[in-house]
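**Q** This is the structure, below, for whatever I ask next.
The values are calculated or read from the model by the stated rules, or taken from the named source; none is laboratory data. Worth saying up front: this structure is predicted, and the values here are computed from it rather than measured. Cβ atoms come from the backbone with ideal geometry, glycine included; neighbour counts cover every protein chain shown.
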Amino acid sequence: AQSVTQPDIHITVSEGASLELRCNYSYGATPYLFWYVQSPGQGLQLLLKYFSGDTLVQGIKGFEAEFKRSQSSFNLRKPSVHWSDAAEYFCAVVGWNNDMRFGAGTRLTVKP
Amino acid sequence: DGGITQSPKYLFRKEGQNVTLSCEQNLNHDAMYWYRQDPGQGLRLIYYSQIVNDFQKGDIAEGYSVSREKKESFPLTVTSAQKNPTAFYLCASSIDGSSYEQYFGPGTRLTVT
């Protein structure tokens, strides 16, 4: 079955610094990949998704992610973090049985 | 405004009582989902429904039940058989079962004491 690993439980970056959140997936074929963001006590909002085509995908709020098949990765990046980006970020994968599997999440703290 | 509503936002119950969490959507989506979220564990699928009057168990269905009598509504009942019911519960929907983009409600935090 497909699975997702987010190696970093918690990341702290300074406001204005760049950000990269890691996501590795386990799946035999080309998966469908997603990044969601969750503010405390709220639901999840879709940031971006990858189904096929260009491996660099652009999302909302200035985020982008790059699909690297050779590394089974789908890392999320942002060139300059804003204080409002502090939240929890979830990577997710959909595989052959249409089940969406979520990673455990990475909590982002932004220092002033 | 289209979206998913979950009510209430906070729910408190005594151990041994059943409790029903509400999820309503006006997106005209066929598929709906219930997830449970615990700290450090991401989201785990409880039940999902691809069409009215049909639903399937997810990974952690034990101690939960659902119904899907209307397209707009997918209530989740947490029964007394659920051993550790305190959690944050999220409802989601998608256009259909093969559309992978899910839209989430704001969640209900259930505390059982």
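**Q** Going through segment A:18-47 one residue at a time, which ones are touching a residue at least 60 places away in the same chain (Cβ under 8 Å), in a strand (DSSP E or B) and either of a type outside the set (Ser, Thr, Tyr) or in contact with a helix residue (DSSP H, G or I) (Cβ under 8 Å, 6 or more places away or on another chain) (or both)?
**A** Listed by number, the residues that qualify are A:Leu19, A:Leu21, A:Leu33, A:Phe34, A:Gln38.
**Q** How many residues are part of a strand (DSSP E or B) and under 11 Å from the mean Cα position of the chain (by Cα) when one looks only at segment A:51-76?
**A** Looking only at that region, the number is 8.
**Q** Pick out the one residue from B:Leu21, B:Leu45 that is touching a residue at least 60 places away in the same chain (Cβ under 8 Å) and surrounded by 15 or more Cβ atoms within 10 Å (Cβ to Cβ).
**A** B:Leu21
**Q** Cβ-Cβ under 6 Å, sequence separation 6+ or interchain: first residue in segment B:80-93 and without any contact (Cβ under 8 Å) to a residue 40 or more places away in the chain, partner among the small types (Gly, Ala, Ser). Which pairs?
**A** Once the first residue is without any contact (Cβ under 8 Å) to a residue 40 or more places away in the chain and sits in segment B:80-93, its partners that are among the small types (Gly, Ala, Ser) give B:Ala81/B:Gly63; B:Gln82/B:Gly63.
**Q** Kindly evaluate B:Tyr35 against the criterion of being within 12 Å of chain A (Cβ to nearest Cβ), within 20 Å of B:Val112 (Cα to Cα) and part of a strand (DSSP E or B).
**A** When the stated conditions are applied, B:Tyr35 passes them.
Conditions (1) modelled with pLDDT of 95 or more; (2) under 14 Å from B:Gly42 (Cα atoms), marked per residue:
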residue	(1), (2)
A:Ala17	yes, no
A:Gly62	yes, no
A:Pro79	yes, no
A:Gly95	no, no
A:Asn98	no, no
A:Arg101	no, yes
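**Q** Quick one: B:Leu76 ticks every box in (1) more than 10 Å from chain A (Cβ to nearest Cβ); (2) in contact (Cβ under 8 Å) with a residue 40 or more places away in the chain; (3) surrounded by fewer than 20 Cβ atoms within 10 Å (Cβ to Cβ) except a single one, so which number is it?
**A** The number of the failed condition is (3).
**Q** Follow-up question, since we're still on this one. Check A:Leu44, A:Leu33, A:Leu76 and return the single one that is surrounded by 20 or more Cβ atoms within 10 Å (Cβ to Cβ), more than 10 Å from chain B (Cβ to nearest Cβ), in contact with a strand residue (DSSP E or B) (Cβ under 8 Å, 6 or more places away or on another chain) and of a type in the set (A, V, I, L, M).
**A** The match here is A:Leu76.
**Q** Can we say A:Ser84 is over 19 Å from A:Gly53 (Cα atoms), away from chain B (no Cβ under 14 Å) and part of a loop (DSSP other than H, G, I, E, B)?
**A** no
**Q** Return only the number of the condition from (1) at pLDDT 95 or above; (2) more than 13 Å from A:Asp8 (Cβ to Cβ); (3) surrounded by fewer than 19 Cβ atoms within 10 Å (Cβ to Cβ) that A:Val110 does not satisfy.
**A** (3)
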